[in-house]
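Visitor: Pasting a structure below so you can have a look.
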Amino acid sequence: MPEPTLVVLRCADLDRSRAFYEALGFGFVRERHGSGPEHLAAVTRSGLVVELYPATGGTEVGRGTVGDVRLGFDVDSLNDVVTALADAGFLDAPPPDGTVVVTDPDGRRIQLSGARVTRP
């Protein structure tokens, strides 16, 4: 089965999206390829490159737009990520036990999995 190597997300508010994905544990650097737009890039533990680009075509589905994408990420600690998302203002209430699905600033559903540590 092919392994994913790149995910490009078009974002209506690049700074807000950066804050959301950094709360998940991503570390971004600014990049520009040739004369293309400046964007943010991060590399996961498995080598997957995740890039956040500014949306240039509005919010309709199509090239350069936000579009409808659902992503899944394995994180080190669901509790720590949920806490970081809440602290950054992206989560109002802790999710119930089970699958954690959050919504990024552009409305994409993000499914999280990983170690869940029970806190007292």
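Visitor: Take the stretch 1-38 and flag every residue that is at pLDDT 90 or above, assigned to a loop (DSSP other than H, G, I, E, B), surrounded by 14 or more Cβ atoms within 10 Å (Cβ to Cβ) and among the small types (Gly, Ala, Ser).
Guide: Listed by number, the list holds a single entry, Gly25.
Visitor: Then there's this: For the stretch 1-21, what are the residues that are of a type outside the set (Lys, Arg) and in contact (Cβ under 8 Å) with a residue 60 or more places away in the chain?
Guide: Those that are of a type outside the set (Lys, Arg) and in contact (Cβ under 8 Å) with a residue 60 or more places away in the chain: Val7, Leu9, Cys11, Ala12, Asp13, Ser17, Ala19, Phe20, Tyr21.
The values are calculated or read from the model by the stated rules, or taken from the named source; none is laboratory data. Owing to the predicted nature of the structure, the values given are computational and were not obtained by experimental measurement. Positions of Cβ are backbone-derived with ideal geometry, glycine not excepted, and every protein chain shown enters the neighbour counts.
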